[in-house]
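Below is one structure, written out as structure tokens; the observations come after it.
The values are calculated or read from the model by the stated rules, or taken from the named source; none is laboratory data. If you're wondering where the values come from, they're calculated on a predicted model, not measured in any experiment. Only protein heavy atoms, including side chains, enter the accessible area calculation; ligands, DNA and RNA are left aside. Shrake-Rupley method; radii C 1.70, N 1.55, O 1.52, S 1.80 Å.
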Amino acid sequence: MSDVFTISLTFDGTVKEVSGTVTGWQQWSELSIKEIEVSDDTTGVITVTVSDTTAGVWGAFDDISLVKAD
């Protein structure tokens, strides 16, 4: 089994997700979901973080943000 971390976004009936693997102690990675089109009718965005890892694996999600693109 691979140790996988996943972030998914749900908005306007659309789900987008991105996954990354654990590569080692203090080996940081940045997961990014791009090209999300939020309309004026969007009432919310649901963010879900999931860890599918073996026993003893540590991990954390931090600095999750939605950023408006120009």
Please state the relative contact order of the chain as a whole percent: Cα pairs under 8 Å, 6+ residues apart?
-> 41
What do you get for Rg/Rh over the chain if you use C-alpha atoms and the Kirkwood form of Rh?
-> 1.02
Express the carbon and sulfur contribution to the solvent-accessible surface of the chain as a percent, rounded to the nearest whole number, probe 1.4 angstrom.
-> 48
With every protein chain left in place, what is the accessible area per residue of the chain in square angstrom, probe 1.4 Å?
-> 86
